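Contents: one structure, followed by commentary.
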Amino acid sequence: MTDDRLTIGKHAFGSRLIVGTGKYPSFEVMRAAHEASGAEMVTVAIRRINSDERSGKNVLDFIDRTRMTILPNTAGCYTADEAVLTAQLARELLHTDLIKLEVIGDAQTLYPDTRGTLAAAERLIADGFTVLPYIGDDPIACHALEAMGCAAVMPLAAPIGSGLGICNPYSIRIIIERARVPVIVDAGVGTASDAAIAMELGADALLMNTGIAAARDPVAMAAAMKHAVIAGRGAFRAGRMEKRLYASASSPMQDLIAARSQA
């Protein structure tokens with residue numbers, strides 16, 4: 001129970017919480033939330049790195065890269081070609097083989113384009129990337145991505161930024177049971193109970209951004225999510241009791257009878 005590191009390709013992490021960088025009220029609040037979360041990996045949208053007009057700094061200047069690994073992502077890409085090019089730019093900028101692959105199929109729901117994701121993943125794997133694809137809660141698509149050589153799969157819990165929690169726990173559970181690579185639940189987690197449920201289902205890790213960044217107190221929510229992930233993972237590894245339809249006494253009568261007879 002003490003050796004429980006998350007391994008993705010050649011990378012290993014002590015924390016199973018991955019955080020983001022968008023929607024925070026300020027870079028300073030983001031940095032404080034990252035510290036409170038205990039996360040060791042942070043995802044950054046390469047196409048949205050802009051300089052702050054007042055300070056001349058961008059989001060990368062507020063990430064403690066001595067403690068956190070940057071996971072660049074291809075957010076905002078709607079074709080495989082766009083995603084591949086963005087990933088290649090990320091590798092040049094950040095000197096990393098890691099990429100969170102996103103190929104969006106619908107601008108309103110931000111659901112992934114499965115066909116485009118598969119096409120981009122194949123090309124990026126061939127180019128030496130460690131690919132973590134954002135995908136729907138579809139066991140077939142997740143299996144195809146794993147078979148292709150993705151280092152993990154990242155099924156959505158709910159639409160990005162919705163805060164709806166785990167909408168389809170049954171599909172997530174099937175994906176987890178069948179996968180031989182880490183399953184990282186991505187998108188839709190709104191509060192600590194959502195995080196705990198995802199981890200209790202057996203998810204290997206959790207990626208969240210809006211659930212922390214859009215909270216009234218992002219730093220306090222980051223700390224809550226840290227503990228929820230730890231608790232959910234601990235409960236999964238401990239093995240929950242079997243659910244029963246009827247009551248089962250905590251102090252069974254047969255134990256009391258046996259004690260009396262021995263007395």
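The values are calculated or read from the model by the stated rules, or taken from the named source; none is laboratory data. Since the structure is predicted, the reported quantities are computational estimates derived from the model, not experimental observations. Side chains are part of the model used for accessible areas, which takes the heavy atoms of the whole protein and leaves out ligands, DNA and RNA. Shrake-Rupley method; radii C 1.70, N 1.55, O 1.52, S 1.80 Å.
If you sort C142, C167 by accessible surface, 1.4 Å probe, largest first, the order is C167, C142.
Cross-link reach is defined here as a Cα-Cα straight distance under 27 Å, omitting same-chain residues fewer than 8 places apart; for K23 the lysines meeting it are K57, K100, K226.
As a fraction of the 1.4 Å probe accessible area of the chain, surface on carbon and sulfur atoms comes out at 51 percent. Of the whole protein surface, Y24 contributes about 30 Å² of accessible area at a 1.4 Å probe radius.
Accessible surface calculations at 1.4 Å, restricted to protein heavy atoms, place the chain at 52 Å² per residue. Using C-alpha pairs under 8 Å with a sequence gap of at least 6, the mean separation divided by the residue count of the stretch 171-211 gives a relative contact order of 47 percent.
Checking (i) 79, 41, 35; (ii) 42, 42, 35; (iii) 78, 48, 30 against the coordinates, the calculated Cα extents along the principal axes in Å falls under label (i).
Rolling a 1.4 Å probe over the protein chains gives R47 an accessible area of about 120 Å². Membrane-span-like helices in the chain, defined here as complete DSSP H runs extending at least 24 Å along the helix axis by their C-alpha atoms with mean Kyte-Doolittle hydropathy no lower than 0.0, are 218-238; this is a sequence and geometry rule, not a statement about a membrane. Dividing the summed helix terms, -39500 (n - 2.57) for each DSSP H run of n ≥ 4, by the number of residues in the chain produces a 222 nm estimate of -12000 deg cm²/dmol to the nearest 500. Take the convex hull of the alpha carbons in the stretch 72-175; its mean projected area over all directions comes to 6.1 nm².
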